[in-house]
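The block underneath contains the structure these notes are about, expressed in structure tokens.
Throughout, read-outs are computed from the coordinates displayed, never taken from laboratory work. Computed from a predicted structure; not experimentally measured. Cβ coordinates were reconstructed from backbone atoms using ideal geometry, including for glycine residues, and neighbour counts include every protein chain displayed.
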Amino acid sequence: MSLPPLRWGIISAGNISSEFVTDLLQPSWPEKRANHYIKAIGASSLAKAHAFAEEHVRPLLKKNYTPFFNPKCYGSYQEVYDDVDVQIVYIGTPHGFHKRDCLAAIAAGKHVLCEKPFTMNAKEAEEVFAAAEEKGVFVMEGMWTRFFPLTKALQKFIHDDQRLGTIYRTFCDFSLDIDIPSLPETSRYKDVALGAGSLLDIGIYSLTWGLVTLSGKVGDAAEEPEVTSTQSLAHGVDVASSFILHYSATGRQAILTSTTNFPAKKNWARIEGSKGEIVIDGSTPSNPSSFTFFPKDGGEDEHFEFEKPGQGFFWEADAVACDIQAGRTQNETMPWRETLRVMRIMDGIRRRGGARFPVDEW
């Protein structure tokens, strides 16, 4: 009972929201730091909200996995924003609606955790953060991978302990095999108004691994890399993006790629340094499970596995709960300036590559 409680409203009854809710309702996990309560579910129809609750929430109630109240179901998002029992809103809608939904929640005085990518471009992100600052509420982009114990341990291994020595290069690829031409025009993978394309959907993870492995700092404290990039487009949607980060002060480089044309490989990331290399493993770059250090001097390999009950959304959720309890409006792992930095890099990649969204002003 001493753990900070946080009362959630869920926006959208899609797949990502179901995974988030299921994780929050896990009975326990290592180093649990908060108690989470699902107070409301908002969907495009009341029937969808009830169906979501029946499938993903109420079965856990019956098993008594966690002490939370039966959530209210709403056939609109605004009813969630207006619910006095809701402290924070989790936004799991498609990219193209993130700005709209964030601003509506903020206007109602709610804290916000919004799925990645935070918005369609940096300008939209700036508008959301300006509104949050004026209202004095907490807002964070849900880049859950940055909060994994694996990610934290890897950063300590290479930046604090310098076990890799001088860092030279990072390679990371996120690949999916999606038959985009066969999808309906309204699909989020095909509709540019929804932010379609590999970059915002999965390339953001490749970019994230480049940023967190080449630099131990975030936001204004981080060195700004020079970026070179190219994209392959199909019907205006990027089906492949390749980009290089170059840190001129140290010579470090990251070679990063994303595509929806080919299935992923298992060992999707490698970091090279003067003392050896690290290979990161897992189902996808968004969901790592282990990393292995291969010493250059021929010493014994070191393998690090990390237990992860559920998907792993609870680590970011716990961090949010602790921040709100402490009266903070930003999180130190994913502050507003870091979100803006990522969005600006992706804006530049799209400008050079030609993947343009209707909301863009270039």
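The DSSP beta bridges internal to the chain are antiparallel in roughly 60% of cases. Sorting the segments 353-362, 123-132 by their residues' average number of neighbouring beta-carbon atoms within 10 angstrom, most packed first, yields 123-132, 353-362. For the stretch 36-43, putting each phi into the Karplus relation 6.51 cos²θ - 1.76 cosθ + 1.60 with θ = phi - 60° gives couplings of 10, 10, 8, 9, 7, 10, x, 9 Hz, in residue order, rounded to whole numbers and with x for Gly and Pro.
Neighbour counting of Cβ atoms within 10 Å sorts the residues Trp144, Trp336, fewest neighbours leading, into Trp336, Trp144. Most tightly packed first, judged by the mean number of other beta-carbon atoms within 10 Å of their residues, the peptides 312-322, 222-232, 182-192 read 312-322, 222-232, 182-192. Working ranking of peptides 113-119, 211-217 by packing, defined as the average number of other Cβ atoms within 10 Å per residue, highest first, is 113-119, 211-217. Normalised by the number of residues in the stretch 231-280, the mean separation of alpha-carbon contacts (under 8 Å, six or more apart) gives a relative contact order of 23 percent. Specify whether the C-alpha gyration tensor of the stretch 240-362 places it in the rounded, prolate or oblate class, a ≥ b ≥ c being the square roots of the eigenvalues: rounded for a/c under 1.5, otherwise prolate if a/b is larger than b/c and oblate if not. In terms of gyration-tensor shape, oblate. Here the contact order of the chain, divided by its residue count and restricted to Cα pairs under 8 Å and six or more residues apart, works out to 18 percent. Over the stretch 231-362, Cα pairs under 8 Å with separation of 6+ residues give a relative contact order of 18 percent. Residues Ser12, Ser44, Ser283, arranged from fewest to most other Cβ atoms within 10 angstrom of their Cβ, appear as Ser283, Ser44, Ser12. Just one of (i) 26, 51, 20, 3, 0; (ii) 29, 59, 12, 0; (iii) 30, 61, 8 is P(r) over Cα pairs in 20 Å bins from 0, in percent as worked out from the coordinates here. Which one is it? Here the calculated entry is (ii).
Here is how the number arises for the chain: DSSP H runs of 4 or more residues each give -39500 (n - 2.57), the sum is divided by the residue count, and the result at 222 nm is -8500 deg cm²/dmol.
When the Cα convex hull of the stretch 1-153 is projected onto planes of every orientation, the mean area is 9.3 nm². Couplings for the stretch 111-126, taken from phi via the Karplus curve 6.51 cos²θ - 1.76 cosθ + 1.60 with θ = phi - 60°, read 6, 9, 10, 10, 4, 6, x, 4, 9, 7, 7, 5, 4, 5, 4, 4 Hz in order; Gly and Pro are left as x.
Amide H contacts of Glu277: Phe294, Lys296, each under 5 Å away and 5 or more positions distant or on a separate chain (H built 1.01 Å from N in the peptide plane; Pro and chain starts excluded). Need one word for the stretch 249-314: rounded, prolate or oblate. Basis is the Cα gyration tensor (sqrt eigenvalues a ≥ b ≥ c); a/c below 1.5 gives rounded, then a/b vs b/c decides. Since a/c reaches 1.5 but b/c is at least a/b, the shape of the stretch 249-314 is classed as oblate.
Rounded to the nearest Å, what's the spacing between the alpha carbon centres of the stretch 155-187 and the stretch 237-255? Just the number, please. Cα centres, the stretch 155-187 to the stretch 237-255: 11 Å.
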